[in-house]
Amino acid sequence: MIKTNFDAINEQTNHQIDEEKLSNLTDKIFCFLENEGILKQSCLKDYDLDKITLSGDILICDNKKIHEINKEFRHKDRPTDVITFALFADDENSSVVDEEIYLGEIIISADQTKIQADENKKTFDEELHFLISHGILHLLGFDHQDEETYNFMITLQDKILDNVKI
């Protein structure tokens, strides 16, 4: 059974975020991905996951903060829904320290989450869970540079959310 240690950091937003609920969600997502064999297709394929703890951070912020991050690091002058910094997957010198892998950070705009939830006729939590699953897949090295990989990620996210309930 995989062990995870994802810390949720809730900045000042107008949305109430249950950090314990997010931690439980990440645990369940990783368990599902392990049971489905997806982790063995990811940047973790060469590791004995029974002996490793996976960790990372989820930052929930507002549109102003994510706009700043998007502009500085992605050179896109607008807010977005989710940004990931996949430290383990993207760094060929990544290592395991004390049997722990720090996968990286997921940054989500609560404001954008609310906008998209309304547009997609979802609850705030449903859209937030969708974005967290998307971020986790990026931390694991999955990307969507073309239509095929985009469709793979969206299909996998839908499968995750159909099977992982909080």
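The values are calculated or read from the model by the stated rules, or taken from the named source; none is laboratory data. What you see is a predicted model; the values in this text were computed from it and never measured. Please note: Cβ atoms are built from the backbone with ideal geometry, for glycine as well, and neighbour counts cover all protein chains shown. Calculation scope for accessible area: heavy atoms of the full protein, side chains included, ligands and nucleic acids excluded. Shrake-Rupley method; radii C 1.70, N 1.55, O 1.52, S 1.80 Å.
The table for this structure:
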{"item": "Residue match in the range 14-28 (condition: open to solvent by less than 30 Å² (accessible area, probe 1.4 Å), outside any helix (DSSP H, G or I) and either closer than 19 Å to ILE106 by Cα or at pLDDT 90 or above (or both))", "result": "yes"}
{"item": "Some residue of the range 99-116 being free of Cβ contacts under 8 Å to residues at least 24 places away in the same chain and under 30 Å from ASP50 (Cα atoms)", "result": "no"}
{"item": "Residue tally, condition touching a helix residue (DSSP H, G or I) at 6+ places or on another chain (Cβ under 7 Å) and of a type in the set (Phe, Trp, Tyr), over the range 143-159", "result": "0"}
{"item": "Residue check, GLU148 surrounded by 14 or more Cβ atoms within 10 Å (Cβ to Cβ) and either at negative phi or touching a residue at least 12 places away in the same chain (Cβ under 8 Å) (or both)", "result": "no"}
{"item": "Conditions (1) modelled with pLDDT of 90 or more; (2) crowded, with 16+ Cβ neighbours inside 10 Å; (3) out of contact with any Gly (no Cβ under 8 Å at 6 or more places or on another chain); number of the one not met by SER42", "result": "(3)"}
{"item": "Some residue of the range 52-64 being at pLDDT below 90, open to solvent by 50 Å² or more (accessible area, probe 1.4 Å), aliphatic (A, V, I, L, M) and not in a loop (DSSP other than H, G, I, E, B)", "result": "no"}
{"item": "For ASP81: the one exception among (1) in contact with a strand residue (DSSP E or B) (Cβ under 7 Å, 6 or more places away or on another chain); (2) of a type outside the set (Lys, Arg); (3) modelled with pLDDT under 95", "result": "(3)"}
{"item": "The range 114-129: number of residues that are modelled with pLDDT under 95, of a type outside the set (D, E, K, R) and under 21 Å from ILE58 (Cα atoms)", "result": "4"}
